[in-house]
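The values are calculated or read from the model by the stated rules, or taken from the named source; none is laboratory data. The structure presented is a predicted model; accordingly, all values stated were derived computationally and were not measured. Here the Cβ positions follow ideal geometry from the backbone for every residue, glycine too, while neighbour counts run over all protein chains shown. These accessible areas exclude ligands, DNA and RNA; they are computed on the full protein's heavy atoms, side chains included. Shrake-Rupley method; radii C 1.70, N 1.55, O 1.52, S 1.80 Å.
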Amino acid sequence: MAPAPKWRVVIVDDHERSRVVVRAAVGSAGGEVVGEAIRRADALPLVSETRPDVVVCAVEQSATASEFTF
């Protein structure tokens, strides 16, 4: 039986420590971090390129819904 596919995650946070914690949590829960961005502006092309299942975005980085519409 083939292993279940991992869910793919992009992390957007300007705090390295937070990204490390989220990365560890995702990995221990069976997910795969496919990209990280420090700035919201860098996240948009990254998300378009990697097509993750989930984007974890710091509250301080949050934007209006229209900024994250693809």
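Observations
- Atom-type composition of the exposed protein surface of segment 1-58 places 55 percent of the accessible area on carbon and sulfur (1.4 angstrom probe).
- Long-range HN-HN contacts of E36 with modeled amide H, under 5 Å: I11
- Residues with amide H under 5 Å from that of W7, placed H, sequence gap 5 or more: E32
- Take the Cβ atoms of R17 and R51, set R0 to 22 Å, and the FRET efficiency comes out at 0.25.
- With DNA, RNA and ligands ignored, accessible area of R8 (1.4 Å probe; Å², nearest 10): 80
- Net length available on complete extension from R39 to A58 is 5.8 nm, with 0.36 nm assigned per residue and the Cα-Cα distance removed.
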